[in-house]
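Student: Next up is a structure, given as structure tokens.
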Amino acid sequence: MLMLVWTESEDKTFLDACIHELTTNGREGSGLKASSWKTVREKLINEHGKEVDQKQMRNHFDYYKSKYVAWVKLKNKTGNIYDPIKNKFNLTDEQWKEEGKLNKYVLSLKTRPLLFPDLCTQLFEGSTSNGFQSWGPSSTVPRPVEEFSVHDFDDDVPMETSTQHVGVSEESSGRSKNTKVGGNKRVGGKKRYARALEVEEEIVKLARSLVEKNERIEKSEMDKDVDACMEKLNKMEWGEEDERYKTALLLFGESADVRKVWLRLSHTSCESWVMGAGRKYGYL
């Protein structure tokens, strides 16, 4: 299968269209709604004659998102390694190698800078505002891994609140740099700053632990759902080249709720449901 090649002008149209749809119609899961993907596809066809399906657009969306996260994390590192004029990073080959071990998408920035960083910021930075409590395996909000801004996991850049909101400021209190606490114990600004960093590190560790736990639960439940759906689909005897079979597979990938509906339907109702849902989402 030939790799789908995107031109720079096609990328700009794609990102602009995704931003417009996200602003107008909102999200579904960690991406766009099915109706929005259809609109983006029509825009690419009308402006560039580019024929793409939803899976290809979603893969391109995820690729840009992963590359953007790597770009932001690298850009926020200390040492002025980023050149905003050239949109490039000033790293040695050894530094690129080390950064690539932490994130595979970093290496792609060495040979090809992130295109349209401003558009990427508009498209992806807003997907990091949902809390853990609002997410579940069948939820339509982004997974918890997206809850934290890409800035939050950068261990090299301390949070601004670490020195601004811990304790009472020395200027407003009129106290000396070292303030007495509990008798003869003195806690200076450096100690408060160090403690704030320790607390921040513990919060990040807890967040990562919760993310990993939720991902394990999701993968386990999804594997069970998909296996059960495939077993029922194969009993329909449609054949892998049948449009109904292909449409069912696409629907299984939409969400956990869709898979649950499929599993609850009787065999006689499955075909009507696939045809109806397929037309609704633009698969048929």
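The values are calculated or read from the model by the stated rules, or taken from the named source; none is laboratory data. Keep in mind that what you see is a predicted model, and the values were worked out from it rather than measured. Counting neighbours? That spans all protein chains shown, and the Cβs are built from the backbone with ideal geometry, glycine included.
Student: So Ser36 ticks every box in (1) crowded, with 19+ Cβ neighbours inside 10 Å; (2) under 27 Å from Arg112 (Cα atoms) but one. Which box is left unticked?
Tutor: (2) is the only condition that Ser36 fails.
Student: Still on this model: Note down all Cβ pairs under 8 Å where the first residue falls in region 53-76 and is touching a residue at least 24 places away in the same chain (Cβ under 8 Å) and more than 12 Å from Asn103 (Cα to Cα), the second is among the charged types (D, E, K, R) and buried (at least 20 other Cβ atoms within 10 Å of the Cβ), and they're at least six residues apart or on different chains.
Tutor: Taking only residues 6 or more apart or on different chains, the pairs are Gln54/Arg41; Met57/Arg41.
Student: Determine, yes or no, whether Asp93 is of a type in the set (Asp, Glu), buried (at least 16 other Cβ atoms within 10 Å of the Cβ), in the same structural domain as Arg112 (by TED's automatic domain parsing) and over 17 Å from the mean Cα position of the chain (by Cα). First the steps, then the outcome.
Tutor: Details: of a type in the set (Asp, Glu): yes; buried (at least 16 other Cβ atoms within 10 Å of the Cβ): no; in the same structural domain as Arg112 (by TED's automatic domain parsing): yes; over 17 Å from the mean Cα position of the chain (by Cα): yes.
For Asp93, the condition - of a type in the set (Asp, Glu), buried (at least 16 other Cβ atoms within 10 Å of the Cβ), in the same structural domain as Arg112 (by TED's automatic domain parsing) and over 17 Å from the mean Cα position of the chain (by Cα) - is not met.
Student: Which of the residues belonging to region 237-261 are under 23 Å from Glu28 (Cβ atoms), among the hydrophobic types (A, V, I, L, M, F, W, C) and out of contact with any Leu (no Cβ under 7 Å at 6 or more places or on another chain)? It would help to see each step written out before you state the result.
Tutor: Applying the first criterion (under 23 Å from Glu28 (Cβ atoms)) to region 237-261 yields 246-261.
Next cut, among the hydrophobic types (A, V, I, L, M, F, W, C) only: 248-252, 256, 258, 261.
Once the filter is applied, which keeps residues that are under 23 Å from Glu28 (Cβ atoms), among the hydrophobic types (A, V, I, L, M, F, W, C) and out of contact with any Leu (no Cβ under 7 Å at 6 or more places or on another chain), region 237-261 yields Leu249, Leu250, Leu251, Phe252, Ala256, Val261.
Student: Could you identify the single residue in Ser35, Ser9 that is closer than 27 Å to Val258 by Cα and either assigned by TED's automatic domain parsing to the domain that holds Phe116 or not basic (Lys, Arg) (or both)? I'd like the intermediate steps shown before the answer.
Tutor: Details: Ser9 fails: closer than 27 Å to Val258 by Cα.
Being closer than 27 Å to Val258 by Cα and either assigned by TED's automatic domain parsing to the domain that holds Phe116 or not basic (Lys, Arg) (or both) holds for just one of Ser35, Ser9, which is Ser35.
Student: Now for a different question. Do we find that Lys190 is among the charged types (D, E, K, R) and at pLDDT below 70 in this structure?
Tutor: Working: among the charged types (D, E, K, R): yes; at pLDDT below 70: yes.
Yes; evaluated as a whole, the condition is true for this residue.
Student: Separate question: With modelled with pLDDT under 90 and more than 23 Å from Ala207 (Cα to Cα) as the only criterion, which of Lys77, Lys97, Lys73 stands out?
Tutor: Answer to the check: Lys97.
Student: Something else: Restricting attention to region 218-253, and to residues there that are part of a loop (DSSP other than H, G, I, E, B) and out of contact with any helix residue (DSSP H, G or I) (no Cβ under 7 Å at 6 or more places or on another chain), which single residue is modelled with the lowest pLDDT? Before you say what the answer is, go through the steps one by one.
Tutor: If we filter region 218-253 for residues that are part of a loop (DSSP other than H, G, I, E, B), which is where we start, we get 236-242, 253.
Then keep just the ones that are out of contact with any helix residue (DSSP H, G or I) (no Cβ under 7 Å at 6 or more places or on another chain); that gives 237, 240-242, 253.
Details: Glu237: 84, Glu240: 81, Glu241: 82, Asp242: 85, Gly253: 75.
Once the filter is applied, the top-ranked residue is Gly253.
Student: Which members of region 1-29 meet the condition of being in contact with a helix residue (DSSP H, G or I) (Cβ under 6 Å, 6 or more places away or on another chain) and either among the β-branched types (Val, Ile, Thr) or farther than 16 Å from Gln122 by Cβ (or both)?
Tutor: Leu4, Glu10, Thr13, Ile19
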